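Below is one structure, written out as structure tokens, with a few remarks after it.
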Amino acid sequence: MKVIQKLKNNFSNYFINTKDTNADFIPFFRITVGLILLFHFISILSDFNLLYGMKSIIPTDIHTIYLNKSVILFDEIIILFNKITGSNHLSIILFKSLFIIFCLLIIIGFYSRIFALLLLLLQVALIKSSYYYSYGVDFFSSMSLMYLIILPSDEYFSVRNYFWRFTEKSNFYVVKTTFQIHIAIAYFVSGIEKLSGYNWRNGESIWKAVHLPNFNNDFNINFDFLGNYPLIIILIGWSTIIIELLYPLFITLKKTRKLWLVLTISLHLGIALTLNLYFFSAIMITWNVANFYFIKTDK
């Protein structure tokens, strides 16, 4: 028994003990995800009719040609809303309004689990109806909403908790552990994928990313000089592989967690500044901070 207890203590000394997690990660995650989804949605409003629906540049039929027909699509929701509004134009306005309202209710924590579920239905309908426009931020947003549903997201620093105080807080440790394993696997698989090909190992992926046709960096950074220093491109590629591949180990070890958290956040800041992928970087940084910053033993 002493040996087992000693091993347990050693494990706790070097690895994360989920029960050391500070509950502050819950309101941080809820508010940040709500804000990201809100601003991301607002950013596409001016082009909304060009992106979604049967009259968009790429009609829904083309986006969904290989999609399982059981998935609820944006056009089907609009048809349902037409029975209420009597107008396709008003139905689209209703859809936009509900999306924004649900985001705001999640941010303030008013029955955020219920409204996260409703928002997830709207958000998935948009993603599935615009397959060729979707990328990482859309899928991680969907998963974020799922975690808001299964976490006690409205029990901490929320409007609901202000008016109806919870005498007993829900246990979130199992969900938090699942969340941590989820992000660790995501980075590890991404690192394996990059390592298995030659494009990241020789820096080609980095060079292509910053020289895409019609690519316009918001900071007007000219990356042509990297052609004279191929070693820098190779180092950036390998650094990305190492950060992702070794993420599950070094983000778990207490002695290296802060370092790996800083490296990973720096990676996503670099992606945001050089590729203009602000919302993707924001959601990934949010996942990292929510999972590995709010640890009591690290305070």
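What helices (runs of 4 or more DSSP H) lie completely within the stretch 90-183 and have 1 or more residues being over 16 Å from the mean Cα position of the chain (by Cα), on the phi < 0 side of the Ramachandran plot and surrounded by 16 or more Cβ atoms within 10 Å (Cβ to Cβ)?
Numbers: elements: 112-129, 136-150, 159-163.
Output list reads 112-129, 159-163.
Given the condition surrounded by 14 or more Cβ atoms within 10 Å (Cβ to Cβ), β-branched (Val, Ile, Thr), under 17 Å from LYS208 (Cα atoms) and at pLDDT 90 or above, answer yes or no: does some residue in the stretch 258-268 qualify?
Our first condition is that a residue be surrounded by 14 or more Cβ atoms within 10 Å (Cβ to Cβ); within the stretch 258-268, this holds for 258, 260-261, 263-265, 267-268.
Applying the additional criterion that residues be β-branched (Val, Ile, Thr) yields 264-265.
Now restrict to residues that are under 17 Å from LYS208 (Cα atoms): none.
No - not one qualifying residue is present in the stretch 258-268.
Just to confirm my filter: which helices (runs of 4 or more DSSP H) fall fully inside the stretch 190-253 and include at least 2 residues that are under 23 Å from ASN276 (Cα atoms) and of a type in the set (Asp, Glu)? It would help to see each step written out before you state the result.
Values: elements: 204-209, 230-245, 247-250.
Fully inside the stretch 190-253 and qualifying: nothing.
Looking only at the stretch 184-206, which residues are open to solvent by 50 Å² or more (accessible area, probe 1.4 Å) and either over 18 Å from ILE236 (Cα atoms) or of a type in the set (Phe, Trp, Tyr) (or both)?
Hits for the stretch 184-206 are ILE185, PHE188, VAL189, TYR198, TRP200.
Can you list residue pairs whose Cβ atoms sit under 7 Å apart, with the first residue in the stretch 64-83 being touching a residue at least 40 places away in the same chain (Cβ under 8 Å) and more than 8 Å from LYS128 (Cα to Cα) and the second being part of a loop (DSSP other than H, G, I, E, B) and among the hydrophobic types (A, V, I, L, M, F, W, C)? Count only pairs 6 or more apart in sequence or on different chains.
Partner pairs satisfying both residue conditions: ASP75/MET54.
Quick check on my filter: what residues within the stretch 149-208 are acidic (Asp, Glu) and in contact with a Gly (Cβ under 6 Å, 6 or more places away or on another chain)?
At the first step, the residues of the stretch 149-208 found to be acidic (Asp, Glu) are 154-155, 168, 193, 204.
ASP154 - this is the single residue of the stretch 149-208 that is acidic (Asp, Glu) and in contact with a Gly (Cβ under 6 Å, 6 or more places away or on another chain).
Starting from the stretch 251-268, keep only residues that are under 14 Å from ILE285 (Cα atoms), then list their pairs with residues that are open to solvent by less than 40 Å² (accessible area, probe 1.4 Å) and not in a helix (DSSP H, G or I) whose Cβ atoms are within a distance under 7 Å, requiring at least 6 positions of separation or different chains.
TRP260/ILE251; LEU261/ILE251
Got a sec? Which of ASP61, ASP138, ASP75, ASP47 is under 27 Å from ASP154 (Cβ atoms) and acidic (Asp, Glu)? Please lay out each step first, then the result.
Values: ASP61 fails: under 27 Å from ASP154 (Cβ atoms); ASP75 fails: under 27 Å from ASP154 (Cβ atoms); ASP47 fails: under 27 Å from ASP154 (Cβ atoms).
Checking each option against the conditions leaves just ASP138.
Exactly one condition in (1) more than 23 Å from ILE265 (Cβ to Cβ); (2) in contact (Cβ under 8 Å) with a residue 12 or more places away in the chain is false for SER142; which is it?
It fails just one condition, (1).
Collect the residues in the stretch 237-255 that are open to solvent by 30 Å² or more (accessible area, probe 1.4 Å), at pLDDT 95 or above and not small (Gly, Ala, Ser), keeping them in residue-number order.
From the stretch 237-255, those open to solvent by 30 Å² or more (accessible area, probe 1.4 Å) are 238-239, 242, 245-246, 248-250, 252-255; that's our starting set.
Filter once more, keeping what is at pLDDT 95 or above: 238-239, 242, 245-246, 248-250.
Result: TRP238, ILE242, LEU245, LEU246, PRO248, LEU249, PHE250.
Among the candidates PHE188, PHE172, single out the residue that is touching a residue at least 60 places away in the same chain (Cβ under 8 Å), of a type outside the set (Ser, Thr, Tyr), out of contact with any Cys (no Cβ under 7 Å at 6 or more places or on another chain) and within 17 Å of PHE28 (Cβ to Cβ).
Working: PHE188 fails: within 17 Å of PHE28 (Cβ to Cβ).
Result of the check over PHE188, PHE172: PHE172.
Do we find that ASP61 is surrounded by fewer than 16 Cβ atoms within 10 Å (Cβ to Cβ), modelled with pLDDT of 90 or more and charged (D, E, K, R) in this structure? So that I can check it myself, show each step before the final result.
Values: surrounded by fewer than 16 Cβ atoms within 10 Å (Cβ to Cβ): yes; modelled with pLDDT of 90 or more: no; charged (D, E, K, R): yes.
For ASP61, the condition - surrounded by fewer than 16 Cβ atoms within 10 Å (Cβ to Cβ), modelled with pLDDT of 90 or more and charged (D, E, K, R) - is not met.
The values are calculated or read from the model by the stated rules, or taken from the named source; none is laboratory data. Being a predicted model, the structure only gives us computed values, none of them experimental. Reconstructed Cβ throughout: ideal geometry from the backbone, glycine too, with neighbour counts over all protein chains shown. Heads up: the accessible areas ignore ligands, DNA and RNA and are worked out on the full protein's heavy atoms, side chains in. Shrake-Rupley method; radii C 1.70, N 1.55, O 1.52, S 1.80 Å.
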